[in-house]
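Okay, so here's the structure we're looking at.
The values are calculated or read from the model by the stated rules, or taken from the named source; none is laboratory data. Note that the structure is a prediction, hence the values are computed from the model and not measured. Ideal geometry is used to build each Cβ from the backbone, glycine not excepted, and the neighbour counts take in all protein chains shown. All accessible areas refer to the heavy atoms of the entire protein, side chains included, with ligands and DNA or RNA removed. Shrake-Rupley method; radii C 1.70, N 1.55, O 1.52, S 1.80 Å.
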Amino acid sequence: MSAGFPDFRLGSVLATSFTGTLSERHGDAVERIPAPHRLVDWLAVYGLAVDSCTPAQLDLARELRESIHAAATAAALQAALPASAVQVINERSVQGRAAAVLTPEGERRWRLSSASRVEDALGVIAADAISIIAGERDGKLALCASPTCQAAFFDTSQSRTRKWCDMNTCGNRQKKARFQAKQRAL
């Protein structure tokens with residue numbers, strides 16, 4: 001990743017991975033897309049390569065990220081979806097003009113239009129959010145058990161009892177804290 005910036009937290013679900021570009025929301029927040037070129041980097045990791053991003057497009061992306069987070073959190077808690085979040089997700093979804101294409105290897109790729117590539121990429125992310133929030137995919141929305149994180153994630157484990165958004169960060173941090181507390185108690 002680009003020097004001087006925190007690494008991306010990558011996951012297998014596009015929409016919830018996108019919300020992870022702001023982590024530790026209830027602690028010392030870590031912004032992983034602080035500049036337009038970092039959004040370009042993140043999109044490329046997910047096969048949504050764009051040539052450039054303006055500060056205004058970065059603002060649109062962050063607004064979408066926060067809307068997905070708000071709606072996914074509400075869905076995980078089985079609460080009413082925030083109307084403003086639903087509106088932003090829907091607006092980004094319909095503004096995108098991306099097309100799914102099949103590669104000769106049998107994989108899906110996204111073709112973004114040349115006129116509004118970032119908006120197309122945001123449309124793909126919004127459509128992914130819609131599919132998981134609407135319950136169209138096999139899995140369930142959950143919230144990370146870390147008190148400083150509480151990120152929404154999409155649990156596709158067989159038992160649907162996963163506790164952490166990412167075992168390598170939040171899960172390990174919590175297990176280490178429990179181990180250290182046991183050691184102090186001895």
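Observations on the model:
- Listed residue (A134, F154, C165) projecting farthest to the positive dipole end of segment 126-165, Cβ model: C165
- For segment 114-134 versus segment 139-178, the inter-centroid distance based on Cα atoms is 25 Å.
- Using alpha-carbon coordinates, inclination of helix 117-133 to the longest axis of the chain, degrees: 50
- GNM flexibility winner over the chain from L102, L112, L60 (Cα, springs under 10 Å): L102
- Averaged per residue, segment 16-170 has 49 square angstrom of accessible surface, using a 1.4 angstrom probe with ligands and nucleic acids left out.
- The 3J(HN,Hα) values that the Karplus relation (6.51, -1.76, 1.60; θ = phi - 60°) gives for segment 92-106 are, in residue order, 5, 5, 6, 7, x, 10, 6, 10, 7, 10, 9, 7, x, 7, x Hz. Gly and Pro appear as x.
- Full extension of the segment from V94 to L10, taken as 0.36 nm per residue of separation minus the current Cα-Cα distance, would add 27.7 nm.
- All other residues whose Cβ lies under 11 angstrom from that of S113 are scored, Lys and Arg at +1 and Asp and Glu at -1, for a net of +1.
- Here Rg and Dmax of the Cα atoms in Å was computed from the coordinates, and among (1) 18.2, 65; (2) 17.3, 64; (3) 22.7, 77 the match is (2).
- Exposure rank, largest accessible area first [E63, E105; 1.4 Å]: E105, E63
- Applying a 4.7 Å Cβ-Cβ cutoff to the chain leaves C53, C170 as cysteine residues with no disulfide-compatible partner.
- Dipole magnitude of the chain, debye to nearest 20 (Cβ charges: Lys/Arg +1, Asp/Glu -1, about Cα centre): 900
- All Cα pairs of segment 1-107, percent lying beyond 24 Å: 28
- Surface share of carbon and sulfur [accessible, 1.4 angstrom probe, percent] for the chain: 52
- Nearest 10 degrees, 0 to 90: helix 55-76 Cα axis against the chain principal axis: 50
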